[in-house]
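The values are calculated or read from the model by the stated rules, or taken from the named source; none is laboratory data. From a predicted model like this one, the values you see are computed outputs, not experimental measurements. As a convention, Cβ positions derive from the backbone with ideal geometry for all residues, glycine included, and neighbour counts pool all protein chains shown. Areas reflect the complete protein model, heavy atoms only, side chains present, ligands, DNA and RNA absent. Shrake-Rupley method; radii C 1.70, N 1.55, O 1.52, S 1.80 Å.
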Amino acid sequence: MKLTFLLSILFFVPLVIWMNVTGTTIFQPATTWEEYESPEEAGWDEDKLNEARAYFNSLNSTAGIAIYKGKVLFSWGDVASNTNAHSVRKSILSGMYGPYVEDGTIDLNSTMGELGIVDFPPLTTLENQAKIKHLMTSSSGVYLRAGEESFAMRRKRPDRGSHAPGSHFYYNNWDFNVLGTIFNNKAEVDLFEHFEETIADPLGMEDFSLNHTGYREETGRSIHPSYLFKMSARDMARFGQLYLQEGEWEGEQIIPREWIETSTSVQAPVPGNSIYDYGFMWWVATEEPYKSLGMYSAVGRYGQSIDVIPEKDLVFVHRVDSDRLAFRFLRRGVTQSQRLYLLRMILDAKIGEEVPDIH
C-alpha cells in the first residue's frame, strides 16, 4: 500500500510541473498588483491574447506578465519564482547609477586609470583611458577575460589594443562586472543591499530577497566578480513600470528622470543587430515597429526580458527559468525573434490600434 502511494506521488508531481509549464492555471501567491477583471475592460481583445498565450505555451517560456496603465493585463506561468535574471542585471545596475551620476558622486568621464582599476594581466596605457561611460556602452576597448562569459563572448572577443576606448561595440562582461566594482567603491555601499533599500522595498517587490543575490568570483578569469540577481517576473515588472513612470513611484523620484531618458537613448551603434542599438546598459529599439513605440529593453540570456513600451503604456516581462532541471539538460531558451514575435502578437491584441508593419 505504501509503495503504491509513493509511486503515485512520483508520477503525479511531474504531471503538475508539466501542467504549469504549458500555461494552464497554476497556484500563485497573492499579489498587491491591481488586476483588470478582463482584457476587454482594458481595451484588449481576449481572443487575440489567447492566441498569443498559445504561442507562449509552444515555446520554452516559463513566465510572462504584462502591465498596462499600471495594472496587470495578464499573467502567464510562474510569475512569482525568483529565477536567474542573467544580463537583465546590467539594466538594473544602470538604474542604480542614476542618482550617483546626478549628484556628482560618479563622473561618467572618470577613466580606469583615475579610478585605480586593476586586473590581471594589468591594463595597458590605452586601456587605462577607458571611461565609465565607455563601460556603460560596452565599448571600453578593454578585452580581458571576465566572469559569466558565454562561449560566444569568448569567441568574438577582439585582440587587446585593437580598438580605442569608445570606438567599437563588443558585448563585454569585463565592462559590466567592473561597473559593479566601481559602483560599490564610489557609492560606498553594497549594490545588493542598496538595491533592496532604494528600489525593491519602495516599489513593494513581493518576492525579492537578498538570499537570491550574490557575487560570483572567478579569479582565474578576473578579480572583478559578477553580481547576480534571481528575481521573479512580477518584480521585474515593477522595475519596468518604474522606468515607464520616468523613475517616479508613489510621489518619490527614485531614479532621476534625466538619467532614464539618457540611459534609454542610443549611445552606441550595435553592428549586426537588426532591432536594437545600445544605451547605458539598456537595449534601445531602432527598427520598426518598435522604434515608433519608443521601446527599450533589458535583455538576458535564454529569453529573459523587460520590454518597456511608452507609446502603449505597457511593460511586458518574459522569463525562461534556466535553473530548471529539464533546462540544464536541454539548454533551450527562447530566441530574440521568438520573443519579439510573441510581443508583436500581444501588441496586435490592442483593440482599435494598429501596430506598424515590420520593414
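Residue-wise HN-Hα couplings along the range 290-302, as the Karplus relation 6.51 cos²θ - 1.76 cosθ + 1.60 with θ = phi - 60° gives them from phi, are 6, 4, 5, 8, x, 6, 9, 9, 9, 10, x, 4, 6 Hz; Gly and Pro carry x. Cα gyration tensor of the range 83-278, axes a ≥ b ≥ c as square roots of the eigenvalues: rounded (a/c below 1.5), prolate (a/b > b/c) or oblate? Here the range 83-278 falls in the prolate category.
Rounded to the nearest 20 Debye, what is the dipole magnitude of the chain about its Cα centre when Lys and Arg each give +1 and Asp and Glu each give -1 at the C-beta?
On the way: 33 positive and 49 negative charges, 399 e Å.
Using only the charged Cβ atoms, the result is roughly 1920 debye.
Within the full protein context, the accessible area of V320 is estimated at about 0 Å² for a probe radius of 1.4 Å.
For L191, the accessible area of its heavy atoms, probed at 1.4 Å with every protein chain present, is near 0 square angstrom.
Ignoring ligands, DNA and RNA, how do Y100, Y215, Y290 rank by accessible area with a 1.4 Å probe, largest first?
Solvent-accessible surface, decreasing: Y215, Y100, Y290.
Looking at the range 234-270, the GluC sites (Glu not before Pro) that sit in a DSSP loop and have at most 12 other Cβ atoms within 10 Å of their own Cβ are E250. Put a dot 7 Å past the Cα of Q253, heading toward its Cβ, do the same for E218, and the two dots end up 3.9 nm apart.
Here the simple spin-label model places points 7 Å from the Cα toward Cβ, and for A152 and S337 these points are separated by 1.3 nm.
Excluding G147 itself, what net charge comes from residues whose Cβ is under 11 Å from its Cβ, given Lys and Arg +1 and Asp and Glu -1?
So the surrounding residues net to -1.
For W249, the residues 5 or more places off, or on other chains, whose built amide H falls under 5 Å of its own are I254.
Just to confirm the filter: which GluC sites (Glu not before Pro) across the range 24-124 are DSSP coil and have at most 13 other Cβ within 10 angstrom of their Cβ? Provide the component values of the computation, followed by the final result.
Numbers: sites: E34, E35, E37, E40, E41, E46, E51, E102, E114; in loops: E34, E37.
Qualifying residues, ordered by number: E34, E37.
Is the shape of the chain rounded, prolate or oblate, going by the alpha carbon gyration tensor and its root eigenvalues a ≥ b ≥ c, with a/c under 1.5 for rounded and a/b larger than b/c for prolate? It comes out prolate by the Cα gyration axes. Straight Cα distances below 27 angstrom link K69 to the lysines K48, K90, K230, K291, K312, K350, with same-chain residues fewer than 8 positions distant left out.
Remind me, relative contact order of the range 49-136 in percent, using alpha carbon pairs under 8 angstrom and six or more residues apart? Please report the intermediate quantities before stating the final value.
Details: 52 pairs, mean separation 15.4, N = 88.
Here the relative contact order equals 18 percent.
For the chain, the 222 nm mean residue ellipticity estimated from helices alone, with every DSSP H stretch of n ≥ 4 adding -39500 (n - 2.57) and the total spread over all residues, rounds to -10000 deg cm²/dmol. Computed from backbone phi with θ = phi - 60° and the Karplus coefficients 6.51, -1.76 and 1.60, the 3J(HN,Hα) list for the range 51-60 is 5, 5, 5, 4, 5, 3, 5, 7, 8, 8 Hz; x is used for glycine and proline. Could you check which residue among Q241, Q338, Q267 shows the biggest mean-square fluctuation in a GNM of the chain with a 10 Å Cα cutoff? Looking only at Q241, Q338, Q267, the biggest GNM fluctuation is shown by Q338.
Rounded to the nearest 0.05, the FRET efficiency derived from the C-beta distance between E41 and S162 at R0 = 41 Å is 0.15.
Express the relative contact order of the chain as a whole percentage, based on alpha carbon pairs under 8 Å and six or more residues apart in sequence. List each step's numbers first, then the result.
Values: 628 pairs, mean separation 75.4, N = 359.
Normalised by residue count, the contact order of the chain is 21 percent.
Accessible surface calculations at 1.4 Å, restricted to protein heavy atoms, place the chain at 46 Å² per residue. If you run the Gaussian network model on the chain, springs between alpha carbon atoms under 10 Å, then out of T137, T32, T198 the most flexible one is T32.
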